[in-house]
Amino acid sequence: MKKLILAGAAILAAAAPAAAQDFGERAAAMFDGADANNDGQITRAEFSAARLTRFDKMDRNNDGAVSRADLPRMKRVAKKVEPLIDMLIKQSDANRDGKVTRAELAGGPAPIFDRADANGDGALDKAELAAVRERLAAMRKGG
């Protein structure tokens, strides 16, 4: 449940409450399951690996990049993920061509991880993960 790649994701303060709620659910999924070695913490490398596992699912048109062109193939959730795709592109599109390749995503920023890593040690411990889950639960409730 924690393999969501729609990385980066600053809190969608400017987005509609429904989009923020959906983002909260998707962001929570990013963290669930990212602990690959089951040691109770998530390192930056584990988080990045979890994001990359979702790349192929996001690249719906199989052109090797995630862009707005993938939205029509996401029929069921296109409107919900549109703000997230835009955010991902804004944060990770190194060459500013309007799409994010696997290499750009792998080397790109992970602001949601950075915000969650309160002590800046490069890993999310149980207390940091609990704080993230609290914030995301508030988002899901519309707070």
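The values are calculated or read from the model by the stated rules, or taken from the named source; none is laboratory data. These numbers come from a predicted model, not from an experiment. When we count neighbours, we look across all protein chains shown, and the Cβ atoms used for this are built from the backbone with ideal geometry, even at glycine. With ligands, DNA and RNA removed, areas are computed over all heavy atoms of the protein, side chains included. Shrake-Rupley method; radii C 1.70, N 1.55, O 1.52, S 1.80 Å.
The condition of being exposed (fewer than 13 other Cβ atoms within 10 Å of the Cβ), within 13 Å of the chain's Cα centre (by Cα) and modelled with pLDDT under 90 holds for only one of M1, M87, that being M1.
Annotation note: of S92, S48, the sole residue that is in contact with a strand residue (DSSP E or B) (Cβ under 9 Å, 6 or more places away or on another chain) and touching a residue at least 40 places away in the same chain (Cβ under 8 Å) is S92.
State whether one or more residues within the range 91-105 are among the polar types (S, T, N, Q) and under 14 Å from the mean Cα position of the chain (by Cα).
yes
Among the criteria (1) within 19 Å of F31 (Cβ to Cβ); (2) surrounded by fewer than 19 Cβ atoms within 10 Å (Cβ to Cβ), the one V81 does not fulfil is (2). Give me the residue from the range 37-48 that is loosely packed, with under 15 Cβ neighbours inside 10 Å and of a type in the set (G, A, S) and, out of that set, farthest from the chain's Cα centre (by Cα). Per the criteria, the residue is G40. Going by the structure shown, is G33 on the phi > 0 side of the Ramachandran plot and touching a strand residue (DSSP E or B) at 6+ places or on another chain (Cβ under 9 Å)? Against the criterion (on the phi > 0 side of the Ramachandran plot and touching a strand residue (DSSP E or B) at 6+ places or on another chain (Cβ under 9 Å)), G33 does not qualify.
Pairs linking a residue in the range 122-133 that is under 16 Å from N37 (Cα atoms) to a residue that is open to solvent by 30 Å² or more (accessible area, probe 1.4 Å), with Cβ atoms under 6 Å and 6 or more positions apart or on different chains, are G122/R44; A123/Q41; A123/T43; L124/Q41; D125/Q41.
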